[in-house]
1. Long-range amide H contacts for residue B:60: which residues qualify at under 5 Å (H placed 1.01 Å from N, peptide plane, sequence gap of 5 or more or a different chain)?
2. What does the average come to when, for each residue of peptide B:52-63, you count the partner chain Cβ atoms lying within 10 Å of its Cβ?
3. Would you kindly work out the equivalent ellipsoid of region B:3-107 from its C-alpha gyration tensor and give its semi-axes, the square roots of five times the eigenvalues, largest first in whole Å?
4. Considering only region A:3-257, what is the antiparallel percent among its DSSP beta bridges, to the nearest 5?
5. Once you have the Cα-Cα distance between residue A:227 and residue A:3, take 0.36 nm times their residue separation minus that, and quote the gain in nm to one decimal.
6. I want to verify a result. In a Gaussian network model of chain B, Cα cutoff 10 Å, which of these has the top mean-square fluctuation: B:30, B:117, B:63?
7. Report the full-extension gain for the segment residue A:106 to residue A:56: residue separation times 0.36 nm, less the Cα-Cα distance, to one decimal in nm.
8. Using alpha-carbon positions, what is the distance between the centroids of region B:12-68 and region A:194-230, in Å?
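Please treat every number below as a calculation from the coordinates, not as lab data. For clarity, every value in this text was computed on a predicted model and none was experimentally measured. Reconstructed Cβ throughout: ideal geometry from the backbone, glycine too, with neighbour counts over all protein chains shown.
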Amino acid sequence: METARLILDPPAEGAWNMSVDQALLETADATGLITLRFYSWSEPTLSLGYFQSHLDRELHRPSIGCKLVRRRTGGGAILHDNELTYSLCVPSQNRWSAKNSELYRLVHGCIIDLLQSEGITSSLYGDMVQNDDPNAAQNSQPAPTVDQRSFMCFNRRSDGDIVIKGRKVVGSAQRRAKKALLQHGSILLGSSQFAPDLEGINDLQSAQLSPARLSQMLARRLFKCLRIEPYSGVMQTDENEAAKNSHSSQFDSDAWNRQR
Amino acid sequence: MKPEELLFAQTHEWAHIADDVATIGISKNAVEALTDLVYMDLPAAGTAVKAGESFGEVESVKATSELYSPVDGEIVEVNTSLPDNLDVLNEDPYGQGWIIKIKMSNQDAVEKLLDFAAYEKQCDESH
């Protein structure tokens, strides 16, 4: 059976988190090693999608005092506060194969199943729209207007997003390299004073999911879905060095974060 | 241009070679896989490129991918209107959807490129 490394990281600053994901992607690209990582952020941080303009953060007043980092993945901005972030690096010989998109459905399907086992009903946005899911009809409050160009990721919707009562609670994005891809995503657990219009899983379902418990349960379920034998691991010395380099030269620099 | 007149990289870029200038684009297969393109980032003319290294990036809904140069040389022309008209890639990937032109410093990498039949075979095998 194929094996994969599981990394459960303590909270860290945003630029370091992005540097680690980049280092793990480079390892997958060079060696084919699969790594699943869970992490959180040591202070509330706004991550910009790769192509977003940093000037647009002015449009989101509640997060104006938060630290900022630019991701290497696309999509909208995310306020990382009361949430859990995952990253999954896997080998992929064809970066534009339809198989890569299936990874969204697989990971998000595992999250939906896991939430269901905790008594929390959620669905893919595409299924909700197609089936006129009662999950949407239960909505006691109108969801924010869905705008695909919205600055914030959680105010956008695409078919693969996970929603509860019409509100997006999980979004993911991919960075595709030559021989591997990085998929990372945010699982929104609760609201934040820095993004007060967004509600998380615990708010919407009166649940008490913690990042630590969720990451343990999700790791088990994901590896089972992927039919991969996990082992607990940490970053290797060369990965740590690569992360340090990209931290100083890229993710922690104004040149990177203000490039657009 | 017809795809049969082009050479292809395993990473799905095509090259049309005319003397020492290579016109570069991305294949119809790649464009079709990249549904809902939203952004494209291209380099400036004058940028040096190496075969197999990134020269630009595209974002489709939920995925950002790099574009890789099939040859060595210097970018001499960029299709600067393309990022604002990404539909052109769908409509004419082997013509108006060209991305950059490279003045090649050598032809070493050209020998490693695939003809259309070999490229199609690779695509069939990777799906």
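1. Answer set, sorted by chain and number: B:38, B:65.
2. Working: counts 1, 0, 2, 0, 0, 5, 4, 8, 5, 9, 16, 14.
For this peptide, the per-residue mean of nearby foreign Cβ atoms is 5.
3. Numbers: eigenvalues 84, 41, 31 Å².
In descending order, the three semi-axes are 21, 14, 12 Å.
4. On the way: 30 of 44 bridges.
Around 70 percent of the beta bridges assigned by DSSP in region A:3-257 are antiparallel ones.
5. On the way: separation 224, 0.36 × 224 = 80.64 nm, distance 0.89 nm.
Taking residue A:227 through residue A:3 to full extension adds about 79.7 nm, to one decimal.
6. Comparing B:30, B:117, B:63 in a Gaussian network model of chain B, the most mobile one is B:63.
7. Details: separation 50, 0.36 × 50 = 18.00 nm, distance 3.23 nm.
Here the segment from residue A:106 to residue A:56 would lengthen by 14.8 nm.
8. Cα centres, region B:12-68 to region A:194-230: 36 Å.
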